[in-house]
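This report concerns only the one structure given below.
The values are calculated or read from the model by the stated rules, or taken from the named source; none is laboratory data. Not measured: the values here are computed from a predicted model. Positions of Cβ are generated from backbone atoms using ideal geometry, with glycine treated the same way; all protein chains shown enter the neighbour counts. Ligands, DNA and RNA are excluded from the accessible area calculation, which covers all protein heavy atoms including side chains. Shrake-Rupley method; radii C 1.70, N 1.55, O 1.52, S 1.80 Å.
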Amino acid sequence: MENIAVAFGGRSVEHEVSIITGMQIMENMDKSKYNPIPVYVTKEGRFLSGESLKNIGTFKRKDFSNAKEVFFKGFANDKNLYTIESKKGGLFGSKSASMEVYEKIDVVFPALHGTNGEDGTFQGLLEMVNIPYAGCGVMSAAVGMDKVTMKEVFKSHNIPMTDYFYFYRNQWKKNPENILNTAEEMGYNFFVKPANLGSSIGISKARNREELVRAIDVAANYDSKIIIEKAVDNPREINVAVLGYEDELRISACEEPIGWKELLSYEDKYIQGSKSGKVGMKGQKKKLPAELDENMQKHIENLAIMSFNAIDAAGVARIDFLVDGEKVYVNEINTLPGSISFYLFEEKGLKFTQLITDLIEIAHKKYKNNLENITSYDSDLLKKTTYGVKIQ
Ligand SMILES: Nc1ncnc2c1ncn2[C@@H]1O[C@H](COP(=O)(O)OP(=O)(O)O)[C@@H](O)[C@H]1O
Ligand SMILES: [Mg+2]
């Protein structure tokens with residue numbers, strides 16, 4: 001039996017979406033093999049754990065009284081989650097506190113969406129601890145999150161995308177005219193986005209200068225880097241997920257979100273569906289499988305795999321497309337998609353429980369592969385060094 005720490009919540013605007021993904025993963029994990037340990041990251045960034053955190057009711061009531069604060073030490077190869085136990089009965093009844101092992105963890109399963117979780121930061125902590133973890137590594141998570149860097153990498157692989165340019169918030173403050181003129185050279189309509197975010201938060205369409213100014217102001221609330229993209233007017237949206245590591249990849253069924261206006265908003269993604277009792281991305285109005293002719297489907301699947309490989313992704317990622325007649329554009333890659341896109345693989349006969357097991361096995365494989373890397377170099381550099389003297 002392996003202890004799997006499932007991390008969810010997080011300092012992110014997608015905090016609530018992540019709670020749902022985390023709950024779904026713990027619920028559907030194969031309990032004959034794995035023991036799920038909830039690690040709830042609060043909006044302030046504290047790590048909490050406890051059985052009560054396996055129950056969605058705890059989050060609805062915001063009652064964390066039965067939860068314990070836990071932490072990794074951050075030292076390499078210490079895979080324990082620790083907690084601080086305070087005891088009474090010290091001298092004169094004083095309290096004493098001691099650090100105790102809370103649980104030994106075998107694999108960490110990040111279910112964090114957005115900033116401080118899907119962007120390489122949490123993955124960095126896990127690399128320092130040197131513990132196996134599901135999903136993308138530090139670099140691919142970071143590149144996948146930053147829409148500008150993602151597009152720059154995709155461009156180098158000739159992956160089709162709409163035109164775009166980017167700038168910094170301070171440039172907007174200093175010289176808005178310059179940015180508006182640059183955008184207008186590209187020609188309306190535009191989509192304006194914070195470079196690092198998700199769930200459609202902070203994103204707006206701009207059809208004229210007034211809307212463009214407002215859209216940039218909105219996006220600038222969420223990130224210091226802003227991207228302006230050429231809009232595809234009335235596109236079809238097609239999403240498909242890729243599962244695997246290095247050259248062993250599987251592709252899911254394609255879905256087509258429907259019923260949205262202008263853009264697929266947070267409400268369209270998460271709220272509409274929940275009215276029908278379905279939670280998370282599964283509830284979003286969609287056609288699954290999407291109705292695509294064979295060539296188009298093949299083309300989209302190939303581009304999805306190219307995008308996955310372009311950032312060295314691992315585990316599961318969802319690639320979203322904008323389709324305009326025969327033209328296909330990659331819009332973005334989500335390296336920790338909502339509900340880990342289980343419903344797209346279920347359509348191909350891969351059950352949610354098996355998807356989770358496959359992701360844990362990929363985590364072990366990736367970890368073992370990294371262990372083959374030599375991380376120290378025998379050098380007599382220090383012997384040669386006389387402290388403070390410039391080395392020739
Ligand atoms: N260039 C574009 N043309 C047309 N629609 C777009 C474009 N970019 C984004 N959208 C719309 O906005 C939604 C959110 O944009 P996206 O880049 O996917 O951000 P997020 O990472 O927040 O999901 C998309 O699902 C789509 O509906
Ligand atoms: Mg999106």
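Things worth noting here:
- Seen against the Cα atoms of the chain and their longest principal axis, helix 294-310 is set at about 40 degrees.
- In the full protein context, the chain carries 48 Å² of accessible surface per residue, based on a 1.4 Å probe and ignoring ligands, DNA and RNA.
- Mean Cα-pair separation over length for the chain, i.e. relative contact order, pairs under 8 Å, 6 or more apart, %: 16 percent
- Folded to 0 to 90 degrees: helix 209-219 orientation relative to the chain principal axis, Cα: 10 degrees
- GNM top mover of Gly144, Gly198, Gly50 - the chain, alpha-carbon springs below 10 Å: Gly50
- The GNM of the chain, with springs linking C-alpha atoms under 10 angstrom apart, assigns the highest mean-square fluctuation among Ser94, Ser204, Ser376 to Ser376.
- Extension gain for Lys327-Asp217 works out to 36.5 nm (0.36 nm per residue, less the C-alpha to C-alpha distance).
- Potential lengthening between Lys285 and Met306 on full extension [0.36 nm per residue; Cα-Cα distance subtracted]: 4.8 nm
- With Cα atoms defining each centre, segment 370-385 and segment 44-58 are spaced 42 Å apart in the structure.
- FRET efficiency, 1/(1 + (r/R0)^6) with R0 45 Å, evaluated for Gln171 and His364 via beta carbons: 0.50
- The charge dipole of the chain, taken about its Cα centre with unit charges on the Cβ atoms of Lys, Arg (+1), Asp and Glu (-1) only, comes to about 1340 debye.
- Amide hydrogen proximity for Cys254: with H placed 1.01 Å from N in the peptide plane, the residues at 5 or more positions away or on another chain lying under 5 Å are Ala290.
- Spacing of the two label points (7 Å from each Cα toward its C-beta) at Arg61 and Tyr82, in nm: 3.2 nm
- Using a Förster distance of 22 Å, the FRET efficiency for Lys298-Glu248 (Cβ separation, nearest 0.05): 0.65
- Euclidean distance of C-alpha centroids, segment 63-88 and segment 161-214, integer Å: 44 Å
- Helix 352-371 and the longest principal axis of the Cα set of the chain meet at an angle near 70°.
- Computed from phi, the 3J(HN,Hα) profile of segment 34-44 under the Karplus parametrisation 6.51, -1.76, 1.60 (θ = phi - 60°) reads 10, 10, x, 10, x, 10, 8, 9, 6, 5, 8 Hz, with x in place of Gly and Pro.
- Considering only alpha-carbon pairs that sit under 8 angstrom and 6 or more positions apart, the relative contact order computed for segment 159-290 is 22 percent.
- Between His157 and Lys68, the modelled label-to-label distance comes to 4.3 nm, taking each label 7 Å out from Cα in the direction of the beta carbon.
- One chain, two ends: Lys43 and Leu381. Fully extended at 0.36 nm per residue, the span grows by 117.2 nm beyond their Cα-Cα distance.
- With 18 Å as the limit, the listed pairs Lys31/Lys348; Lys298/Lys348; Lys205/Lys261 have Lys31/Lys348 beyond it between alpha carbons.
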